[in-house]
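Written below as structure tokens is the structure these notes are about.
Please treat every number below as a calculation from the coordinates, not as lab data. Predicted model, so just to flag it, every value in this text is computed and none were measured. All Cβ positions, glycine included, derive from the backbone under ideal geometry; neighbour counts span all protein chains shown.
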Amino acid sequence: MPRQLPTSLLFVCSGNICRSPAAEGLARAWLDARALKDVRVSSCGTLRIKGRSAADFTLRAMDERGVDLRAHRSRPISHALLRRADLVVGMEAHHQEEVLEELGGDADLVVHGVHVITEFHPEELLRNDAGIYDFVAEPWPAYREGIAELERCVHALLEDFFPGAELRP
């Protein structure tokens, strides 16, 4: 029997102004390009910052990819938000831990699990739970590299959960 596909993805980072909104935008673009528009994608932050726009370099890096995050506003992690997701992906291991804490330690509340983004790294030797480090304060070259690494992991994650999803004209 084929595995049930996720219908709601939630990306989690610290401030919800850099990595998780970028992952959300990258995932949405990937899904839309494959006509998987019914899959909900969102993001939040463990620092519980509310209403901040995405970081300037995040906007710039996403613009390079044709993804507009100007409407993004940060939102805090919450039990209710986590319960609406059936796949939760943290940017680092401590995000996974904080998600599980918010869920009262019950990972089974998330149908497809609570993961760290690098578990899906396209290079097998780099798959781990170390995650994508917080490059929000880095200079543009390092920032750009961080977004590119995140993109590789997001695409690999989606290819794993949506095998055979083809680009639509």
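Could you sort 117-123, 47-53 so that the peptide with the highest average Cβ count within 10 Å comes first and the rest follow in order?
117-123, 47-53
I'd like the per residue volume of the convex hull spanned by the Cα atoms of segment 24-87, given in cubic angstrom.
Looking at segment 24-87, the number lands at 92 Å³ per residue.
Indicate the helices, whole DSSP H runs only, in the chain that combine a mean Kyte-Doolittle hydropathy of -0.5 or more with a Cα extent along their long axis of 27 angstrom or more.
Helices meeting the span and hydropathy rule in the chain are 140-161.
Given segment 107-169, report the % of alpha carbon pairs whose separation exceeds 15 Å.
Result for the distance tail: 60 percent.
Could you work out the relative contact order of the chain, using alpha carbon pairs under 8 angstrom and six or more residues apart, expressed as a whole percent?
25
Amide H to amide H under 5 Å from residue 41: which residues, 5+ apart in sequence or cross-chain, H placed 1.01 Å off N in plane?
Amide H neighbours of residue 41, under 5 Å, 5+ apart: 9.
Arrange the peptides 80-87, 9-16 so that the one whose residues have, on average, the most other Cβ atoms within 10 Å appears first.
9-16, 80-87
Fewest first, what order do 116, 136 take by the number of other Cβ atoms within 10 Å?
Fewest to most other Cβ atoms nearby, the residues stand as 136, 116.
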